[in-house]
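These notes concern the structure reproduced below.
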Amino acid sequence: MLARIVADELGATFVATSGPALGRTGDLAALLCDFAHDGFGVLFIDEAHRLRGDVEALLTSVLEDGTLPVMISEDRSVTLPLGQIVCVGAASSAASLSNRLLSCFSFRARSA
């Protein structure tokens, strides 16, 4: 898998998941916390077109600023710095990805 090769070459933490496995924003947050300790990571999301809207919104926010907002209580939150994240997404068709998600990916490739 290309994402694992990239992580190995960069000496980065590698985390693989799928759109359906990230059913809640908390599922994504739990995976991203691995990157907070290491400072750099590669996240591979298979079936990225199946991400829920709220999970997708959190992912795009994290990719833009490298931080994860964590709610402590209804009126208090903290921001956890995650470091650099390379996100690799796979989908059966780019047309099935939302515009918000497409805007996060600066490189798009198609397998034969």
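The values are calculated or read from the model by the stated rules, or taken from the named source; none is laboratory data. What you see is a predicted model; the values in this text were computed from it and never measured. Cβ placement follows ideal geometry from the backbone for every residue including glycine, while neighbour counts extend to all protein chains displayed.
Taking the range 14-43 as the range and being farther than 17 Å from GLY89 by Cβ and part of a strand (DSSP E or B) as the test, only PHE40 passes. Does any residue of the range 46-53 turn out to be under 18 Å from ALA16 (Cβ atoms), in contact with a helix residue (DSSP H, G or I) (Cβ under 6 Å, 6 or more places away or on another chain), surrounded by 12 or more Cβ atoms within 10 Å (Cβ to Cβ) and among the aliphatic types (A, V, I, L, M)? No, because not a single residue in the range 46-53 is under 18 Å from ALA16 (Cβ atoms), in contact with a helix residue (DSSP H, G or I) (Cβ under 6 Å, 6 or more places away or on another chain), surrounded by 12 or more Cβ atoms within 10 Å (Cβ to Cβ) and among the aliphatic types (A, V, I, L, M).
The numbered conditions (1) out of contact with any Gly (no Cβ under 9 Å at 6 or more places or on another chain); (2) surrounded by 15 or more Cβ atoms within 10 Å (Cβ to Cβ); (3) among the β-branched types (Val, Ile, Thr) are all true for ILE85 except (1). Does any residue of the range 20-27 turn out to be of a type in the set (Asp, Glu), under 20 Å from SER96 (Cβ atoms) and either at pLDDT 90 or above or touching a helix residue (DSSP H, G or I) at 6+ places or on another chain (Cβ under 8 Å) (or both)? No - not one qualifying residue is present in the range 20-27.
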